[in-house]
Amino acid sequence: MKAIGYKKNLPIENIKSLQDIELNVPQVKGRDILVEIKAISVNPADYKVRAGMPAEDDQWKVIGWDATGIVKEVGEDVSLFKVGDEVWYAGDFTRPGSYAQFQLVDEQIVGRKPSSLSYAEAAALPLTTLTAWEMLFDRLQVEKDNPNKSILVIGAAGGVGSILVQLAKKLTRLKIIGTASREETTSWLKELGADAVINHRNKLSDEYAKYGISAPDYVVSLNGTEQHAEEIVKVIKPQGRFSFIDDPKSFDVMPFKVKSVSTHIEFMFTRSMFQTEDIMEQHHILNEVSTLIDKGVVKTTLGENFGVINAENLRKAHAFLETGKAKGKIVLEGF
Ligand SMILES: NC(=O)c1ccc[n+]([C@@H]2O[C@H](COP(=O)([O-])OP(=O)(O)OC[C@H]3O[C@@H](n4cnc5c(N)ncnc54)[C@H](OP(=O)(O)O)[C@@H]3O)[C@@H](O)[C@H]2O)c1
């Protein structure tokens, strides 16, 4: 099968940072399904791993997490899917990824692809949707029916923010304040349902004062957490709840003490990495969001289609994502 992989961690300008390769189709067993990949999307995790996580023993490392495709074979213990089903998933950090024509994935972290979306439109969503859902409802446990609460979403026009804002808008009564720094990302965020947009290049407390916005009950930080930490402490309401997903070099919770702010880290791969008792939650979340999409409640966050899945296009996609200026998601389709 065709695949794209690397052996050495190289900067994306290097032609060997991602290469077209041929591998054997993997053998299915247990609760795994074998999926013929139709479309994928690229996440910051892809370039972080490509640049920093070595391949083992001169083997090709195949990365990539978001995928949509068709079930080709099922293991002997599979009960949720059958051959021919259209699926979507964000995969498992510890296993070979979706930059390949065929991939094995545990059925418990797979959902039914929304039938109203194309493969490419659907591929934009799984990883960011799971992250956003787990952040809002598992970690922060936001109050869905309270009309008097608000959330600040820092870095809201990127992959995760674009779906998180929609989920918050459609499934809760929160007032949503998103941050963006450019005209393009500001208008995208308003279209997705943000009630107000402030600029993360300015001090958040100044922006709150300038627009007379009341202090947020919840803050989610999707980008630049280290840079914004001091301002988050300033703006968040006493007894508020805070969550982040990016990779600050260090993070000090002590400044939150006087406000009794609870702090939560979200890592979308925890459930699959540790095979937690509630691993099936990811199957349920993906199915629930699939239904929301087919009912027209939530829409795709596809920003740009970078063409067929090959090393050249993936290098372009990584290079663009590394600029930190993504609006929604980058997808690639077909081999
Ligand atoms: N823990 C997890 O499970 C998990 C899951 C998904 C992602 N992540 C991590 O979360 C981060 C965000 O992911 P993503 O897919 O949303 O990224 P992304 O799509 O690359 O985010 C791009 C957006 O971030 C904004 N941005 C750039 N620099 C910023 C800053 N200093 N402060 C605030 N906003 C900034 C940009 O807005 P403007 O262009 O308007 O400036 C842009 O719209 C990444 O570090 C990723 O690795 C973690």
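The values are calculated or read from the model by the stated rules, or taken from the named source; none is laboratory data. This one's a predicted model, so the numbers in the text were calculated from it and none came from an experiment. Cβ coordinates were reconstructed from backbone atoms using ideal geometry, including for glycine residues, and neighbour counts include every protein chain displayed. When the accessible area is computed, the model is the full protein with side chains, heavy atoms only, and any ligands, DNA or RNA have been set aside. Shrake-Rupley method; radii C 1.70, N 1.55, O 1.52, S 1.80 Å.
So the values come out like this:
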read-out	value
Highest-MSF residue in the chain out of Ser243, Ser187, Ser162 [GNM, Cα springs under 10 Å]	Ser187
Share, in percent, of DSSP beta bridges within the chain that are antiparallel, nearest 5	60
Per-q log10 I(q)/I(0), the chain, q = 0.06, 0.08, 0.10 Å⁻¹ (Debye; single scatterer per alpha-carbon; no solvent)	-0.21, -0.37, -0.58
Rg/Rh ratio calculated on Cα atoms of region 128-265 (Kirkwood radius)	0.92
Cα principal axis extents for region 252-325, largest first, Å	50, 33, 29
Trypsin sites (Lys or Arg not before Pro) within region 155-196: DSSP coil, no more than 16 neighbouring Cβ in 10 Å	Arg173, Arg182
Accessible surface of the chain, 1.4 Å probe, proportion on carbon and sulfur as whole %	48
Nearest-0.05 FRET efficiency for Glu226 and Lys8, computed from C-beta distance (R0 25 Å)	0.30
GluC sites (Glu not before Pro) within region 248-335: DSSP coil, no more than 10 neighbouring Cβ in 10 Å	Glu277
Loop-resident sites, region 3-107, for GluC sites (Glu not before Pro), counting at most 11 other Cβ within 10 Å (DSSP)	Glu13, Glu56, Glu76
Accessible area per residue, Å², region 128-265 with all protein chains present, probe 1.4 Å	45
Euclidean distance between Cα centres, region 83-148 to region 203-246, Å	27
Tilt relative to the chain, helix 281-294 - C-alpha long axis, 0 to 90 degrees, to 10	80
Relative pair counts by distance (%), Cα atoms of region 1-136, 5 Å bins	2, 11, 20, 22, 19, 15, 8, 3, 0
In order through region 149-156: 3J(HN,Hα) via Karplus (6.51 cos²θ - 1.76 cosθ + 1.60), integer Hz, x for Gly, Pro	10, 9, 10, 9, 10, 8, x, 7
